[in-house]
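Taking it in order: structure first as structure tokens, then the write-up.
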Amino acid sequence: MYKFKNTVINVFKGDITDENTDAIVNAANNTLLGGGGVDGAIHKKGGRVILEQCKKIGGCPTGEARITTAGDLASKYVIHTVGPIYGSHRGDEENFLYLAYFNSLKLALEYNIKSISFPSISTGAFGYPIEEAVKVVVKAVKDVLEENEGIENINFVLYSDKNFEVYRDYFDISF
Ligand code: AR6
């Protein structure tokens, strides 16, 4: 367990679809119409309600975030964000990954969300190296929490041992 200002931050191994935080974040793609990885798991377990809302929203640019309800999932909301495809943004990958976390947290604040769970955005199908990604995660979280009160709990839910260990080691020296 880590703490930054008034926010409790947890890092653990797990499946994000099991989270009962107010919101879970989806690592989506620009269409918002589903896919594999976290996205596939969220739509499968959450049911068609999420997809119907995503269709109405009509897509999401890289680095931005959109919100839907969470269907059959335990959380209240799903925040869909789109991380960068590593190697496809001419050096702007870091900025886009930062914005994905930053804009997800800002949207959570707008909706008065107190607890939120993140997967490791872009580090699966989109190929972002985990050791580089975790640094961007910490920077975005600190920047938002430095300026805003209201989020009580942030969980980082890692799916693999390796990703969990990379996060734990970097969080140990960051918080
Ligand atoms: N819970 C938590 N983490 C998970 C889960 C889960 N249930 N399943 C996978 N991960 P990815 P991306 C981890 O590929 O790289 C989709 O097709 C996984 O180990 O889900 O942002 C979308 O539609 C990895 O570390 O997301 C997009 O097209 C991390 O989640 C594209 O993939 C992210 O892997 C997005 O790629």
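Values in this text are rule-based calculations from the coordinates and carry no lab data. Note that the coordinates shown come from a computational prediction; the quantities given were computed from them, not determined experimentally. Note that we place each Cβ from the backbone using ideal geometry, even for glycine, and neighbour counts take in every protein chain shown.
Overview of results
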read-out	value
Positive-pole candidate from 86, 75, 120, dipole of the range 74-175, charges at beta carbon	75
The chain: Lys pairs at Cα distance under 12 angstrom, eight or more positions apart or on different chains	5
Percent breakdown of C-alpha pair distances by 10 Å bin, ordered from the shortest bin, for the chain	10, 43, 38, 8, 0
Simple Cβ-charge dipole of the chain, Lys/Arg +1 and Asp/Glu -1, about Cα centre, in debye nearest 20	400
5 angstrom amide H check on residue 158, placed H, neighbours 5+ away	12, 13, 14
Restricting the range 86-122 to trypsin sites (Lys or Arg not before Pro) in coil, as DSSP defines it, with at most 10 other Cβ within 10 Å	90
Shape metrics for the range 48-112, restricted to C-alpha atoms - Rg then Dmax, Å	12.9, 39
Segment residue 175-residue 90, extension gain: residue separation times 0.36 nm, minus the distance between their alpha carbons	27.5 nm
Leading residue at positive end of dipole, the chain (Cβ point charges), from 155, 109, 136	109
Net charge, residue 93 excluded, C-beta distance under 15 Å - Lys, Arg +1, Asp, Glu -1	-1
Point-charge dipole on Cβ atoms (K/R +1, D/E -1) for the range 31-74, about Cα centre, debye to 20	100
Assigned charges on the beta-carbon of Lys, Arg, Asp, Glu; the range 33-107 dipole about Cα centre (debye)	340
Cleavage-rule hits (GluC sites (Glu not before Pro)) in the range 72-160: DSSP loop, at most 14 neighbouring Cβ within 10 angstrom	149, 152
